[in-house]
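Working notes for the structure below.
The values are calculated or read from the model by the stated rules, or taken from the named source; none is laboratory data. Computed from a predicted structure; not experimentally measured. Every residue, glycine among them, receives a Cβ derived from its backbone with ideal geometry; neighbour counts consider all protein chains shown.
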Amino acid sequence: MTAVTKGAIIWDLDGTIASTEQAHFAAWQEILAHEGLDYSYDRFLHDFGRNNGELLPELLGPDISPARIDEISRRKEAAFRRYLHQGYGVRLLPGVLDWLKRFDEADVKQAIGSSGPMANIVALVEKLEIGDYFHGLLTGIRLPRGKPHPAIFLNVAAAIETDPARCIVIEDSLHGVEAALRGGMPVIVAGRIVESPGLADLLARMPEPECLTVDDLTQLTWPQIERLWSV
């Protein structure tokens, strides 16, 4: 059998590598309460993984200024980091550490492409003690368009000098999955999103590149990874 040439792995961070949902939700509720908005958990789940610059005009009105978006975003992310250091359920998700180690031992390039600001990425990676596994950490916070636009993942592929088609993206959100597919990258989807009708609709519209779904990364196998690199 011909050996499969290894590609690269691009990880989403929040909800994919680590459970940060409680800390993010608490931060959004705190900050948006000051803006007179009762932010529901269902709406939070719908918005999770999006760029603040696109989200806040939807929440607070289209006339919000860029300076106001930046000010609210900074307060929210500072609140998130405060909750992060308090714990708030932040932990590595099942199977993540094992795969970080396996990819590292196989000399597979790994990078993070996250919509969050770099301060959040660094704080979370340091808290979880996983920084040495990655060739790069990239934020989409300064990009004009966030997920589901593919720019963040295309930038990661360029940074680690790998053809996008050879990069497997590991994601947990509809916006992230769509961003990867639009960038021409195969995707591994993990978490409760796999049961979402929204994911089924998305994959019906975008059947290529290939998308593999698992309940969590403990179910993932090396042959499945190789198949995604070989298609």
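Can you name the residue in region 179-202 that is free of Cβ contacts under 8 Å to residues at least 24 places away in the same chain and in a helix (DSSP H, G or I) and is also surrounded by the fewest Cβ atoms within 10 Å (Cβ to Cβ) among such residues?
The first filter runs over region 179-202 and keeps only residues free of Cβ contacts under 8 Å to residues at least 24 places away in the same chain, leaving 192-197, 200-201.
Checking the rest, the ones that are also in a helix (DSSP H, G or I) come to 192-195, 197, 200-201.
Numbers: Arg192: 11, Ile193: 20, Val194: 16, Glu195: 10, Pro197: 7, Ala200: 12, Asp201: 11.
Out of the qualifying residues, it is Pro197.
Any residue that is in contact (Cβ under 8 Å) with a residue 60 or more places away in the chain, touching an Asp or Glu at 6+ places or on another chain (Cβ under 9 Å) and surrounded by fewer than 20 Cβ atoms within 10 Å (Cβ to Cβ) - is there at least one of those in region 55-68?
So in region 55-68, the residues in contact (Cβ under 8 Å) with a residue 60 or more places away in the chain come out as none.
Among the residues of region 55-68, not one is in contact (Cβ under 8 Å) with a residue 60 or more places away in the chain, touching an Asp or Glu at 6+ places or on another chain (Cβ under 9 Å) and surrounded by fewer than 20 Cβ atoms within 10 Å (Cβ to Cβ), which makes the answer no.
Being in contact with an Asp or Glu (Cβ under 9 Å, 6 or more places away or on another chain) and either in a loop (DSSP other than H, G, I, E, B) or among the β-branched types (Val, Ile, Thr) (or both) is the filter here; which residues of region 97-133 pass it? So that I can check it myself, show each step before the final result.
Taking region 97-133 as the starting set, the residues that turn out to be in contact with an Asp or Glu (Cβ under 9 Å, 6 or more places away or on another chain) are 104, 109-110, 112-117, 119-120, 124, 132-133.
Listed by number, the residues that qualify are Ile112, Ser115, Gly116, Pro117.
Tell me yes or no: at least one residue of region 77-91 is under 22 Å from Val125 (Cα atoms), over 16 Å from the mean Cα position of the chain (by Cα) and basic (Lys, Arg).
Yes: one or more hits.
Sort out which residues of region 23-53 are in a helix (DSSP H, G or I), polar (S, T, N, Q) and out of contact with any Phe, Trp or Tyr (no Cβ under 7 Å at 6 or more places or on another chain), and write them in order of number. Full working, then the answer.
Initial filter on region 23-53 (in a helix (DSSP H, G or I)): 23-34, 41-47, 52-53.
Next cut, polar (S, T, N, Q) only: 29, 52.
The answer is Asn52, and nothing else.
Can you tell me which residue among Glu21, Glu54, Glu58, Glu71 is over 20 Å from Asn120 (Cβ atoms) and among the acidic types (Asp, Glu)?
Numbers: Glu21 fails: over 20 Å from Asn120 (Cβ atoms); Glu54 fails: over 20 Å from Asn120 (Cβ atoms); Glu71 fails: over 20 Å from Asn120 (Cβ atoms).
Only one candidate qualifies: Glu58.
Anything in region 14-42 that is over 21 Å from Asp70 (Cα atoms) and either surrounded by fewer than 17 Cβ atoms within 10 Å (Cβ to Cβ) or without any contact (Cβ under 8 Å) to a residue 40 or more places away in the chain (or both)? List them, or say none. First the steps, then the outcome.
Within region 14-42, the first condition is being over 21 Å from Asp70 (Cα atoms), and the residues that meet it are 15-22, 40-42.
Within region 14-42, Gln22, Ser40, Tyr41, Asp42 meet the criteria.
Which count do you get for residues in region 154-178 that are in a helix (DSSP H, G or I) and in contact with a Leu (Cβ under 9 Å, 6 or more places away or on another chain)?
7
With respect to Asp70, is the statement that it is of a type in the set (Asp, Glu), over 15 Å from Gly15 (Cβ atoms) and assigned to a loop (DSSP other than H, G, I, E, B) true? Give the derivation first.
On the way: of a type in the set (Asp, Glu): yes; over 15 Å from Gly15 (Cβ atoms): yes; assigned to a loop (DSSP other than H, G, I, E, B): no.
Criteria not met by Asp70.
I'd like the full set of residues that are surrounded by fewer than 15 Cβ atoms within 10 Å (Cβ to Cβ) and either of a type in the set (Gly, Ala, Ser) or at pLDDT 95 or above (or both), limited to region 137-163.
Looking only at region 137-163, we keep the residues that are surrounded by fewer than 15 Cβ atoms within 10 Å (Cβ to Cβ), and these are 142, 144-145, 158, 161, 163.
Ala158, Glu161, Asp163 - these are the residues of region 137-163 that are surrounded by fewer than 15 Cβ atoms within 10 Å (Cβ to Cβ) and either of a type in the set (Gly, Ala, Ser) or at pLDDT 95 or above (or both).
Tell me, yes or no, whether region 176-186 has at least one residue that is touching a Gly at 6+ places or on another chain (Cβ under 6 Å) and closer than 19 Å to Ile121 by Cβ.
Of all residues in region 176-186, those touching a Gly at 6+ places or on another chain (Cβ under 6 Å) come to 176.
Right, trim to closer than 19 Å to Ile121 by Cβ and you get 176.
Yes; the residues of region 176-186 include at least one that is touching a Gly at 6+ places or on another chain (Cβ under 6 Å) and closer than 19 Å to Ile121 by Cβ.
Taking the options Arg81, Arg50, name whichever one is surrounded by 15 or more Cβ atoms within 10 Å (Cβ to Cβ), in contact with a Gly (Cβ under 8 Å, 6 or more places away or on another chain) and among the basic types (Lys, Arg).
From the options Arg81, Arg50, the qualifying one is Arg50.
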